[in-house]
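Undergrad: Got a structure here, written out as structure tokens. Questions coming.
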Amino acid sequence: MKQKLYIVSNRLPVKATVDGKGNFSFIRSEGGLATGLDSLKTDYEKHWIGWPGMCFSRKKDQYEVKSSLEAMNFHPIFLSQAQYKSYYEGYCNSMLWPLCHYFYGSAQYKKTYWESYKEVNQIFADEVCRLVGFGCWVWVQDYQLMLVPAMLRKKRPDLHVGFFLHIPFPSYELFRVLPERDDLLKGLLGADFIGFHTHDYLRHFMSSVERALHLEFHLEEVMVNGRAVHVDALPMGINYNLYHRAGRKPDVQAFVEEIKKSTIGCKLILSCDRLDYSKGILHRLMAFDLFLKSHHEYHGKVSMMMVVVPSRDKVEKYAELKRKIDEKIGQINGAYSKLGWLPIRYIYRALPFEQLMALYKLCDIALITPLRDGMNLVSKEYVASKSVDDPAVLILSEMAGASVELKDAVIVNPNDLNQIENALETALKMPREEQRRRLLSMQHIVSTFDIRQWAADFMKEWSNVIERNRQLTSKVVTTERLDAFHTFYRKASHRLFFLDYDGTLVGFQDDPLKAVPTPELISLLKKISEEAGNTVVINSGREHRILEHWFGDLPVDIAAEHGAFLKRKGVWTKRFIRYGVSEKIRKILNLFVCKTPGSRLEVKETSLAWHYREVDSWLGDFRSRQLVNALMPECAKYNMQIMTGNKVVELKSSTYNKGTAVTEYLSGAPYDFIFAIGDDTTDEDMYRALPDTGISVNVGQTASRARYSLKSQKEVLPFLNRMIQ
């Protein structure tokens, strides 16, 4: 039986229409998402959940539409007019859309919009939970449904949830103005895998998560409630063969011949967009106006075929944009047209596929200059539709996600009208051989990274993180494992404990000096260490005097400063004579303290530690990488090790680490129960030094040599208590 994949999006790939007699029919939706995913071929049984394009007040109509659509594996979500208007026209397109496209001045915030957005996202999530079986794959699409992944995670943790954002994710400085920023980020982090079109959008998302939610990414992965969430950039492709072969169809060839009759002797420039202020249509018209003013030699020889697909034109801002476009086109045509030649041929409607392909096939230049666009699949469709015998030139905005891949286009800044004007001249004068070379290069990219490859890459990475979470879950200490540890503990007569301190026995504090042991911890350590046959070692990177102050009265041993000091049976021993720090190293460290507000330098007898827990997360990570690079040449001279821990960079002799203390204890009396617990990279040496019979537990489900894991520091003391009782 095939596994099922449920695609969840605001709209189904078809929309319902009704005739005068009340009969319903369904037509294919326009738009890259619907076209792309509808043509997706997969081994999964594909289902689609979304709004059918109309609001139905009568239950009878809903039943009829539902029955017809479900026969095609489409599952409609029914919303009232008020819900759809406030959720879609309100929060989605009056707040999220302008903000994510860097039109903050156009954003309109209303609390009621947000309430409707939450309500509709919950309706979608509830319908998914009702429809899908255990362990199904649910792929949520785009900015309209950013809360759905977390809603599904809360109600159905068995589901595999993926998410793809098809619009830009803005920089943190812009995203932070949203009052609901934390809710939206947490909503997305309910997914197992989150995809973006470009690395810029990916970087902005990671920065927002780290700075708003104070979670830390390791490469492209972040832990959320003991679960790995993976993120990556995967540029969406198109159905290349569909567009590349379309020109051979008789219907398309017929439309080509029809258009040719009225454009004889003219070079044609294609402009094709949905009505939206982010598409830069007015800027494009002004640039074309400038071109015609400056280049009289092209009058009568160049025409722009401008297709604008109606969208939200009942919204005041879009209606105003349409009015300005109409006026500008009228102004240009009025100023320059002459008998037999019209500078701009304007079509305000969605064209049938065959007519659009005819325009793609016939136009010599595509002028695609959005002010901001998540991907822009029109540019890829245009490239795919051309042939090497009839090459063409693509002029593409650097603000479109597609510009990252289509480097052989003529790339322009869409705000620079002179640059667009010059690009038009360049395109018109470009030799055919260069056109052919550029086209072949772009076609290779578009055909290789098509919609199937995009989906396959998404599914592969999604599957990988699901498997990774299975492995992480397999290491989690369960009740059964805890019972086994307890039995092992009780049967043993000589037991050895190695316990890390910060992040393990206590939680992290912004000021490390405030991370003092709690009465509960002191009581537990006393209980473990006083039981016959037990040896307890606090194995920490902390300065030895602080650990002595905190634990000196307890019958425990202490390995301090990563093994440089060892207190055993009440006697402190320094494990090496000296360590050298050059004046240059001190200057580097002090420089980074000065230029990183919130950081501090801890000077220990055997090491130096640069702490940045109170620093902005992005700045702290950036400075830590800079510091490590600056220190590496100097530390190599003095045989010093650079350790990167949790919000700390530490310099120490490479002679000792947390594993040396373990080795020393194991070389003495035999132990039949050996246990170690830690939380970061500095504890890996401790785990590595344990024998195969030892029990190693890492706090936090990150990649670790430890055999077992606990999800959070809060579980550590209860775990230790239950193990020894």
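The values are calculated or read from the model by the stated rules, or taken from the named source; none is laboratory data. These numbers were taken from a predicted model, which means no experiment stands behind them. We place every Cβ from the backbone using ideal geometry, glycine too, and count neighbours over all the protein chains shown. Ligands, DNA and RNA are stripped out before the accessible areas are found, and what is left, the full protein with its side chains, is counted by its heavy atoms. Shrake-Rupley method; radii C 1.70, N 1.55, O 1.52, S 1.80 Å.
Undergrad: Specify, per residue and in Å³, the volume enclosed by the convex hull of the alpha carbon atoms belonging to the range 626-725.
TA: Convex hull of Cα atoms, per residue: 115 Å³.
Undergrad: What nm value, rounded to one decimal, do you get for the distance between Lys66 and Leu351 when each label is placed 7 Å out toward the C-beta?
TA: With each label point 7 Å from Cα toward Cβ, the separation is 4.0 nm.
Undergrad: Give me the distance in nm between label points sitting 7 Å out from Cα along the Cα-to-Cβ direction at Leu174 and Leu339, one decimal.
TA: Going by the 7 Å Cα→Cβ label model, 5.0 nm.
Undergrad: Could you state the per residue volume, in Å³, of the convex hull enclosing the Cα atoms of the range 303-373?
TA: Normalising the Cα hull of the range 303-373 by residue number yields 123 Å³.
Undergrad: What is the Cα radius of gyration of the range 400-446 over 2.2 N^0.38 Å, N being its residue count?
TA: Taking N as the residue count of the range 400-446, the ratio is 1.21.
Undergrad: Taking just the alpha carbons, could you work out the radius of gyration and Dmax for the range 300-459, both in angstroms?
TA: Here Rg and the maximum Cα pair distance are 16.7, 56 Å.
Undergrad: I need the calculated FRET efficiency for the pair Gln641 and Thr693, taking r as the beta carbon distance and R₀ as 22 Å, to the nearest 0.05.
TA: With R0 = 22 Å, the Cβ-Cβ based efficiency is 0.15.
Undergrad: Show me, bin by bin at 10 Å from 0, the whole-percent P(r) of the chain based on Cα pairs.
TA: It works out to 2, 12, 19, 19, 16, 13, 9, 6, 2, 1, 0, in whole percents.
Undergrad: A further question follows. For the range 68-141, take N as its residue count and report Rg(C-alpha) divided by 2.2 N^0.38 Å.
TA: The value comes to 1.33.
Undergrad: Rounded to the nearest Å, what's the spacing between the alpha carbon centres of the range 201-221 and the range 127-180? Just the number, please.
TA: 16
Undergrad: Report the equivalent ellipsoid semi-axes for the range 579-691 in whole Å, largest first, defined as the square roots of five times the eigenvalues of the gyration tensor built from alpha carbon atoms.
TA: 30, 17, 10
Undergrad: With label points built 7 Å along Cα→Cβ from the Cα atoms of Thr655 and His214, find their separation and express it in nm.
TA: 3.9
Undergrad: Turning to a different aspect of this structure: Any chance you could tell me what percent of the C-alpha pair distances in the range 528-644 go past 18 Å?
TA: Pairs farther apart than 18 Å: 58 percent.
Undergrad: Stick to Cα atoms and the Kirkwood definition of Rh, then tell me Rg/Rh for the range 1-147.
TA: That ratio is 0.98, to two decimals.
Undergrad: Please report the Cα spread of the range 415-542 along all three principal axes, rounded to whole Å, starting with the longest.
TA: 90, 36, 19
Undergrad: Continuing with this model, one more query. Can you compute log10 of I(q)/I(0) for the range 140-202 with the Debye formula, treating each Cα as one identical point scatterer, at q = 0.18, 0.26 Å⁻¹?
TA: Per q value, in the given order, log10 I(q)/I(0) is -0.63, -1.16.
Undergrad: For the range 380-420, compute Rh as the Kirkwood radius over C-alpha pairs and then the Stokes-Einstein diffusion coefficient at 4 °C and 1.567 mPa s; write the answer in µm²/s, rounded to an integer.
TA: Using the Kirkwood radius from Cα pairs, D works out to 117 µm²/s.
Undergrad: Any chance you could tell me what percent of the C-alpha pair distances in the range 570-628 go past 15 Å?
TA: Within the range 570-628, distances greater than 15 Å cover 55 percent of Cα pairs.
Undergrad: Rounded to the nearest percent, how much of the accessible area of the chain (1.4 Å probe, protein heavy atoms only) is carbon and sulfur?
TA: C and S atoms contribute 52 percent here.
Undergrad: Between the alpha-carbon centers of the range 418-447 and the range 380-398, tell me the distance in whole angstrom.
TA: Taking the Cα centre of the range 380-398 as reference, the centre of the range 418-447 is 8 Å away.
Undergrad: Oh, and also: In Å, what Kirkwood hydrodynamic radius results for the range 127-173 from the alpha-carbon pair distances?
TA: Evaluated on the range 127-173, it is 11.6 Å.
Undergrad: Also, I was wondering about something else. Note down, for the range 99-188, the three equivalent ellipsoid semi-axes (square root of 5 times each alpha carbon gyration tensor eigenvalue), biggest first, whole angstrom.
TA: Working from the Cα gyration tensor, I get semi-axes of 26, 14, 10 Å.
Undergrad: Which value, in Å², gives the accessible area per residue of the chain when a 1.4 Å probe is used on the protein heavy atoms?
TA: For the chain, the solvent-accessible area averages 43 Å² per residue.
Undergrad: Based on the Cα gyration tensor of the range 630-669, what are the three equivalent ellipsoid semi-axes, each the root of five times an eigenvalue, rounded to whole Å and given largest first?
TA: Semi-axes from the Cα gyration tensor: 26, 13, 4 Å.
Undergrad: I would also like to ask the following. Kirkwood Rh over alpha-carbon pairs of the range 185-237, then Stokes-Einstein at 37 °C and 0.692 mPa s: what D in µm² s⁻¹, rounded to an integer?
TA: Here the translational diffusion coefficient equals 295 µm²/s.
Undergrad: Pairwise over distinct Cα atoms, reciprocal of the mean inverse distance: report the Kirkwood radius of the range 484-524 in Å, one decimal place.
TA: Kirkwood radius, the range 484-524: 12.5 Å.
Undergrad: Can you give the extra length, in nm with one decimal, that the chain gains between Lys261 and Ser582 once fully stretched, where that is 0.36 nm per residue apart less the Cα-Cα distance?
TA: Extra length from Lys261 to Ser582 when fully extended: 107.4 nm.
Undergrad: How large are Rg and Dmax for the range 238-369 when calculated on the C-alpha trace, in angstrom?
TA: Rg, Dmax (Cα atoms, Å): 15.3, 42.
Undergrad: How do 254-265, 669-680 rank on mean C-beta neighbours within 10 Å, highest first?
TA: Packing order, densest peptide first, comes out as 669-680, 254-265.
Undergrad: Looking at the range 255-322, what % of the alpha carbon pairs are farther apart than 13 Å?
TA: So the pairs more than 13 Å apart make up 71 percent of the total in the range 255-322.
Undergrad: Could you tell me the calculated FRET efficiency between Ser441 and Arg625, based on Cβ-Cβ distance and R0 = 35 angstrom, to the nearest 0.05?
TA: After rounding, the FRET efficiency stands at 0.50.
Undergrad: Moving on to the next point. Can you give me the three principal axis dimensions of the range 423-478 from its C-alpha atoms, in Å, biggest first?
TA: The Cα atoms of the range 423-478 stretch 71, 20, 13 Å along their principal axes.
Undergrad: Taking just the alpha carbons, could you work out the radius of gyration and Dmax for the range 236-276, both in angstroms?
TA: 13.4, 36
Undergrad: A further question follows. Under a no-solvent Debye model with one identical scatterer per Cα of the range 63-219, what's log10 I(q)/I(0) at q = 0.12, 0.15, 0.18 Å⁻¹?
TA: -0.54, -0.84, -1.16
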